[in-house]
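The next block holds one structure in the form of C-alpha cells; read it before the comments.
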Amino acid sequence: METIYDEIEIEDFTFDPITQLFQYPCPCGDKFAVGIDDLQDGEDIAICPSCSLMVRVVFDPEDLKEYYDQLD
C-alpha cells in the first residue's frame, strides 16, 4: 500500500510546458514530479525520484485545459 506524504493543490505546482511536467519541492531537496498526461489518465500521484516520497495532486480534470493550452 502506498503512503501519501501530503496532498497538494495543482496551483501550487510549477508546470513546465517543454517537459510537460508538474513539479513541487520535496523536503529532501529534489522535486516531486508528474506528467500532464498521467494526470489526464487519472494518475494523481507525484513521486520524488530521490527519496521516493509521494504526494497526491488535488485537481479537477477541467483544470488541465489551461495547461494543455500552453503546449503549442
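The values are calculated or read from the model by the stated rules, or taken from the named source; none is laboratory data. Just so you know, these numbers come straight off a predicted model, no measurement behind them. Glycine also receives a Cβ, built like all others from the backbone with ideal geometry; neighbour counts cover every protein chain displayed.
Below is a table of values for the structure above.
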quantity: Matching residues in segment 26-72 - criterion: being part of a loop (DSSP other than H, G, I, E, B), surrounded by fewer than 17 Cβ atoms within 10 Å (Cβ to Cβ), modelled with pLDDT of 95 or more and hydrophobic (A, V, I, L, M, F, W, C); calculated: Cys28
quantity: Identity of the residue in segment 4-25, hydroxyl-bearing (Ser, Thr, Tyr) and part of a loop (DSSP other than H, G, I, E, B), that ends up surrounded by the most Cβ atoms within 10 Å (Cβ to Cβ); calculated: Tyr5
quantity: Conditions (1) modelled with pLDDT of 95 or more; (2) aliphatic (A, V, I, L, M); (3) assigned to a loop (DSSP other than H, G, I, E, B): number failed by Met1; calculated: (1)
